1. For the range B:200-211, does any single residue satisfy the condition of being open to solvent by 10 Å² or more (accessible area, probe 1.4 Å), part of a helix (DSSP H, G or I) and hydrophobic (A, V, I, L, M, F, W, C)?
2. Quick test of your reading of the structure: A:Glu117 fulfils all but one of (1) more than 7 Å from every other protein chain (Cβ to nearest Cβ); (2) farther than 28 Å from B:Tyr46 by Cβ; (3) touching a residue at least 12 places away in the same chain (Cβ under 8 Å). Name the failing condition by number.
3. I need a count of the residues in the range A:50-77 that are under 17 Å from B:Glu114 (Cβ atoms), within 7 Å of chain B (Cβ to nearest Cβ), out of contact with any Asp or Glu (no Cβ under 6 Å at 6 or more places or on another chain) and in a loop (DSSP other than H, G, I, E, B).
4. The conditions are (1) among the charged types (D, E, K, R); (2) in a helix (DSSP H, G or I); (3) surrounded by 18 or more Cβ atoms within 10 Å (Cβ to Cβ), and B:Arg419 fails exactly one of them. Which is it?
5. Please work out which one of (1) of a type outside the set (Val, Ile, Thr); (2) open to solvent by less than 10 Å² (accessible area, probe 1.4 Å); (3) more than 8 Å from chain A (Cβ to nearest Cβ) is the condition B:Phe188 fails and give its number.
6. May I ask you to say which residue of A:Trp248, A:Trp220 is away from chain B (no Cβ under 14 Å) and buried (at least 22 other Cβ atoms within 10 Å of the Cβ)?
7. Can you tell me which residues in the range A:11-48 are among the aliphatic types (A, V, I, L, M) and not in a loop (DSSP other than H, G, I, E, B)?
8. Do you know which residues across the range B:162-183 are closer than 25 Å to B:Glu71 by Cβ and open to solvent by 10 Å² or more (accessible area, probe 1.4 Å)?
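The values are calculated or read from the model by the stated rules, or taken from the named source; none is laboratory data. Keep in mind that this is a model prediction, so the values were computed, not measured. Note that we place each Cβ from the backbone using ideal geometry, even for glycine, and neighbour counts take in every protein chain shown. Please note that ligands, DNA and RNA were not included when accessible areas were found on the heavy atoms of the full protein model with its side chains. Shrake-Rupley method; radii C 1.70, N 1.55, O 1.52, S 1.80 Å.
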Amino acid sequence: MAQETTRTTRRGLLDPERAAAILKVIPPNALDTQRRMGYFVEPRWKRLSEYEALTCYSQPTPDWIPGGLDWGDWTQKFHGGRPSWGNELTELRSSDWHKHRDPARRWHHPYVKNKSEEAGYTQRFLQGYSAEGQIRTMDPFWRDEMISKYWGAMIFNEYGMFNAHSSVVRDCLGDTIRSSATFAAFDKNDNAQMIQMERVFISKVLSGFPESTDEPKLVWTTDPVYRGARVLIEELWQGIQDFNEILWSTHCVYDPLFGQFVRREFFLRLAPFFGDSLTPFFINQTQTYFQTTRDAMSDLYLTTLCDDMQFSSLNRRFLRLWTDKWLSQTVTALKDFMGLYDKVPVIAGVTDEASVKEALTRVFSDWVHDYVDKIDGKVDTKKIIDLIMTGYK
Amino acid sequence: MALSAATTAATEALKVNRAPTGVNPQEVHRWMQSFNWDFAKNRTKYPTKYHMANDTKEQFKIIAKEYARMEAIKDERQFGTLLDGLSRLGAGNRMHPKWGETMKVASNFLEVGEYNAIAAAAMLWDSATASEQKNGYLAQVMDEIRHTHQCAFINHFYSKHYHDPAGHNDARRTRAIGPLWKGMKRVFADGFISGDAVECSVNLQLVGEACFTNPLIVAVTEWASANGDEITPSVFLSIETDELRHMANGYQTVVSIAHDPASSKYLNTDLNNAFWTQQKYFTPVLGMLFEYGSKYKVEPWVKTWNRWVYEDWGGIWIGRLGKFGVQSPPSLKDAKQDAYWAHHDLFLLAYALWPTGFFRLALPDEEEMQWFEANYPGWYDHYGKILNEWRALGCEDPSSKFIPIQWLEKNGHKVYVDRVSQVPFCPSLAKSTNTLRIHEYNNQLHSFSDDWGERMWLTEPERYECQSVFEQYAGREISEVVVEGHGVRADGKTLIGQPHVRGDKLWTVEDLRAAGCVFSDPLRN
């Protein structure tokens, strides 16, 4: 008698007869004692984390790309024969491209869970802010000139950095690198959207405030204040082939200097002086993302690649080379940005020359501590700050 | 403070709205298209012969925070079900063992597809010029990370609860041993990421996702449930909720190139190649996993294939794209023939090489054999007799020292690997459309099994150079290969792969070595 075939499926777990039949053929004892998925993965911490178990070695690279567990050639290549992934995709070398770990141990679920909570809180904050009419305390000049146009122009700065990650996410040679890079990119896209969200919000509570991106884009594309930044962002976006150079130049040179200065030392620092408690709410989310990304990039470059047992010296040389290359353009971007101080009133202890110098010193000091010292680099911070300050009128 | 009188006047005239006000995602998204700006160096690192339009829109219009909110809710439901309800029911060890083994392959191989789709969607994000289109591809990048982790979570869950964790716990390390792996990489890895960006999109979104995710991710849940597995439906159906957006991305990719009359020169050829590439592997492998990897059958694979691939995709989905000049692939009719027999052909070869698997395979029992014969008339005389002969020779019993690949060799049934698809085939036993053809190129022999793949290779041989398992392992004794590939359990002696799903009579490395089975390359012998 042939077994029945029916489109009304009996569920093997719930149908008593079938469930009993299944239980009969399940051996009473387990056939193996190893119940930890990915038990062969070297844990970074005391025990293999869920993040490591779910992420490590999902990339199916062959063993001629260090760390790979597969063998042989690619089964389909690009037109002309270029391989799917290869060691030539970067100048850096690693004895194991699967060694990087995100210190925040983010896999998809915790990542979106955190951002979802931020999304919910953002909407509740905005509702409370609007219900209180807090917008009334924001200085109109700050709101209409600085926030609408110049903070608005940062949409494109963040959006450009976001786009710089597309080829990184395509090309990078390890699964943990791929997720760290993607989350960094997603945060950058979020940052750009949050700036526009703030502008849309103001336009909803204050009729006449322009939500259009036309003016910010005009500032970004034509205003000398952002000229250096724009040229650099365009280069980061599509001018670099090497996925490591893109990540290093974006997250370890440009953003810790220009991004941190503009966000933290200009808009975040000045906002309270203009009665603006709205912009800091958004910027502080951005700053949280910045710090999480900083930790991930530090692990990738400083812990993993700079301390690689075989290629430490070579990798440090390249990171110093890339730092020099991108620092000079970043300095130009900051020098151009100094022009924005000309558009705001002098506030003692905040926007006067000495205070701006102090702000630059804070940013450069953080950067030297976080990156430069750790790649045995040398930077004449005073000279650089003096050069940047030539843009301060 | 430098505030103009005009600005002051205008500001004072504004009326503050004190109603609780938020910003919905659409109010932000509608500005996204303006986030781009023109600059001289703006070009992609992944050029395409197609021209993607600058004003292409995306259909789902989600921003980062809304994406996170949506996915977090789905995750809560899914992980809540798994980690609470299904765990307390002991559901992780209440599926039929045949199906528990199938999920070692299905979840891990799907994971590879999802993982490579991260890179594939990133390539499209790089290639697209429209901001909305980039945003759509970005959401897909994120989804593919989600799906990679979800597939892994199935193996993770099974590792903890299923009575045979071996293979679930180390699939990423042991999957490369066997003959099914390289073909899987062709369709689910390299086919998505190596080539013209739009050609890759056609492979991933227009064929892989719009066509084969229906049987792979949707139909599989019905088979799973029938065999006692409620883990897989909880996860795979959650995955499928994202796939709809990916199909829309594929649709929008076609929309973005449709304005260019030159597109029609390439699109149908690329679609035909992509369809043949994907079906060449999925048609036999999915059919084999469903029918031979289950005890309780849902329906014959040929019917599932006909409904999802031939009618739903080849007819309705491609029909919708007809206004853009897209036609059903000419290879569809050849594929339809393969849907009947190809998975039976493949099971013979997979079972013959069972020690190289990271899962246990079982011969169909008497009741199942009757089902095969009833649904595929003529099955028993061709396949059933061979399987029964292997059973009679003791293939399940380690004391027999008999591996079925030895029977194939002894009876002159050479097993080749198709260079383009990397799918193994045995021309003297195949009832599907496979026929052998061999070419010599660069002092190397290359075997092929069909016209469509052979044509791809003849056009661009440099794209398909990968060695087969038989070339790689030629001359090596099989237990040596298995040990080297970590195909051994935690006790250090019992094989992960087994030719049955019982709890006793497990083969060890010693048993396998005693069989004296040595790999040979059919192209050199």
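1. No, the range B:200-211 contains no residue that is open to solvent by 10 Å² or more (accessible area, probe 1.4 Å), part of a helix (DSSP H, G or I) and hydrophobic (A, V, I, L, M, F, W, C).
2. For A:Glu117, the exception is condition (3).
3. 1
4. So the condition that B:Arg419 fails would be (2).
5. Here B:Phe188 clears every test but (2).
6. From the options A:Trp248, A:Trp220, the qualifying one is A:Trp248.
7. Answer for the range A:11-48, where residues must be among the aliphatic types (A, V, I, L, M) and not in a loop (DSSP other than H, G, I, E, B): A:Ala19, A:Ala20, A:Ala21, A:Ile22, A:Leu23, A:Val25.
8. The one that is closer than 25 Å to B:Glu71 by Cβ and open to solvent by 10 Å² or more (accessible area, probe 1.4 Å): B:Arg172.
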